[in-house]
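> The structure under discussion is supplied below as structure tokens; questions concerning it will follow.
Bear in mind these aren't lab numbers, they're just calculated from the coordinates by the rules spelled out. Note that the structure is a prediction, hence the values are computed from the model and not measured. With ideal geometry, Cβ positions are generated from the backbone for all residues, glycine too; neighbour counts draw on all protein chains shown.
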Amino acid sequence: QPPGRLFHLPTKSTSKTVEERGKWGSKKEFILSVAGAIIGLGNVWRFPYLCYKNGGGAFFIPYVLFLLTCGIPLFVLETALGQYTSQGGIMCWRKVCPLFEGMGYASQMIIFYGGISYIVILAWAFLYLFSSFSGELPWATCNNTWNTSKYICCYYTFICLCIHQKISGLKNSMDNVNVTSLCF
């Protein structure tokens with residue numbers, strides 16, 4: 001590598017023997033798998049909420065601008081880099097420039113932690129799905145074996161105070177009441 005060059009892209013003659021990786025069966029298969037990875041729960045559930053909460057079109061226009069100027073070019077860069085190097089998310093950066101290897105590790109950690117939150121959301125969805133087939137929904141009552149009469153009293157007191165606050169329209173009605181002192 002000549003001095004002063006930041007990137008070193010190995011050629012076929014200088015690179016070590018790399019294990020042959022599998023190829024996609026068709027372009028359609030590749031597009032569908034990439035779309036499945038990109039369009040996640042955040043886009044389906046959270047984006048409409050964020051768009052509504054942040055002003056609708058006033059949020060959507062900068063979002064699309066950022067998507068077109070940063071999101072899509074970075075996606076194309078990462079996809080092309082992976083295709084060119086025939087490596088995974090960490091090794092492709094190491095192959096191009098060892099200084100950028102941390103970007104590969106960071107992206108894998110983001111994927112790992114995102115996967116944890118997706119698992120929790122999917123567990124809730126399955127709990128609600130399977131519970132909906134039972135005669136009585138588990139969250140319809142608070143008659144669990146670990147509940148005490150103090151908990152039930154505290155729960156109903158808190159609900160009544162919240163309803164009273166909503167009905168009366170008083171903003172500071174909860175400030176004058178210590179709910180925990182009513183419970184214990």
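> Output the residues belonging to segment 34-86 that are aromatic (F, W, Y) and surrounded by 10 or more Cβ atoms within 10 Å (Cβ to Cβ). Can you show your working first?
Going residue by residue through segment 34-86, those that are aromatic (F, W, Y) are 45, 47, 49, 52, 59-60, 63, 66, 75, 84.
Within segment 34-86, W45, F47, Y52, F59, F60, Y63, F66, F75, Y84 qualify.
> While we're on this one: Could you list, in sequence order, all residues of segment 92-114 that are of a type in the set (A, V, I, L, M, F, W, C) and part of a helix (DSSP H, G or I)? If you could, list the steps in order and put the result at the bottom.
Initial filter on segment 92-114 (of a type in the set (A, V, I, L, M, F, W, C)): 92-93, 96-97, 99-100, 103, 106, 109-112.
Passing the criteria: C92, W93, V96, L99, F100, M103, A106, M109, I110, I111, F112.
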